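**Q** I'd like to ask some things about the structure below.
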Amino acid sequence: MAGVTKRRLVVLGSEERSVGMDGRERVAEFGRELREGPEPSDRSIKEIIDALRPQLQELVSKQVELARMEMAPVGKRAGLATGLLAAAGVFMFVFLIFLSLTGVYLLAIFLPIWVSALIVSGILLLVGAILAGAGASILRRLDPTPHRTIRTLQQNINWIKGQLR
């Protein structure tokens, strides 16, 4: 029982020391404690889990933070592309009202009114398609995969596997 109490004091002591350390120092300290602690066969599963719990909780929160930071630029570009598409819709609507009437009346001088309305509608459709295509092209080129987060998470999993062996 005294050995269990000592181990808990060591773990508690490392938690107290970890307050002023950054993430890498805490990982190194934790690794040192695992190496200098009792033989793996002497530790119970509960002791190992108790020792790993705070580090795993911090690891998960850091991974979520990294994913957020990595996805922020993608979200900004997606917002820009969405804004372009919305502006294209408004632009097409305004053109539909004002420019179409003007164009129809201008062409009606030389052509029947129905032909002039058809020509103006085709031009407006072409402008709207170009704007929508530009916005859609930006959205297609976006890569929403958080590559750094996936790579770091894989490294952390490999490190944990190495520590448990």
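**Q** Taking the conditions exactly as written (under 30 Å from residue 149 (Cα atoms) and outside the structural domain of residue 30 (by TED's automatic domain parsing)), does residue 117 satisfy them or not?
**A** Judged against the criteria, residue 117 is not a match.
**Q** Looking only at the stretch 138-150, count how many residues are part of a helix (DSSP H, G or I) and either touching a Gly at 6+ places or on another chain (Cβ under 8 Å) or surrounded by 11 or more Cβ atoms within 10 Å (Cβ to Cβ) (or both).
**A** Of the residues in the stretch 138-150, the ones part of a helix (DSSP H, G or I) are 138-141, 147-150.
Now drop any that are not either touching a Gly at 6+ places or on another chain (Cβ under 8 Å) or surrounded by 11 or more Cβ atoms within 10 Å (Cβ to Cβ) (or both), which leaves 138-139, 148-150.
Total meeting the criteria: 5.
**Q** Mind checking which pairs have a first residue in the stretch 39-61 that is modelled with pLDDT of 80 or more and a second that is loosely packed, with under 10 Cβ neighbours inside 10 Å, Cβ under 6 Å, 6 or more apart or different chains?
**A** none
**Q** For residues that are of a type in the set (A, V, I, L, M, F, W, C), at pLDDT 70 or above and surrounded by 15 or more Cβ atoms within 10 Å (Cβ to Cβ), scanning just the stretch 25-38, find the one that is farthest from residue 157 (Cα to Cα).
**A** Pass one, the stretch 25-38, residues of a type in the set (A, V, I, L, M, F, W, C): 27-28, 30, 34.
Filter once more, so that each one left must be at pLDDT 70 or above: 27-28, 30.
From the residues that got through so far, the ones that are surrounded by 15 or more Cβ atoms within 10 Å (Cβ to Cβ) too are 27, 30.
Numbers: 27: 13, 30: 15 Å.
Filtering first and then ranking leaves 30.
**Q** A follow-up question, please. Checking the conditions here, which among 82, 102 is assigned by TED's automatic domain parsing to the domain that holds residue 143, among the hydroxyl-bearing types (Ser, Thr, Tyr), under 31 Å from the mean Cα position of the chain (by Cα) and assigned to a helix (DSSP H, G or I)? Explain how you work it out, then say what you get.
**A** Numbers: 102 fails: under 31 Å from the mean Cα position of the chain (by Cα).
Matching residue, one of 82, 102: 82.
The values are calculated or read from the model by the stated rules, or taken from the named source; none is laboratory data. As the structure is a prediction and not an experimental result, all values here were calculated from the model. Cβ atoms come from the backbone with ideal geometry, glycine included; neighbour counts cover every protein chain shown.
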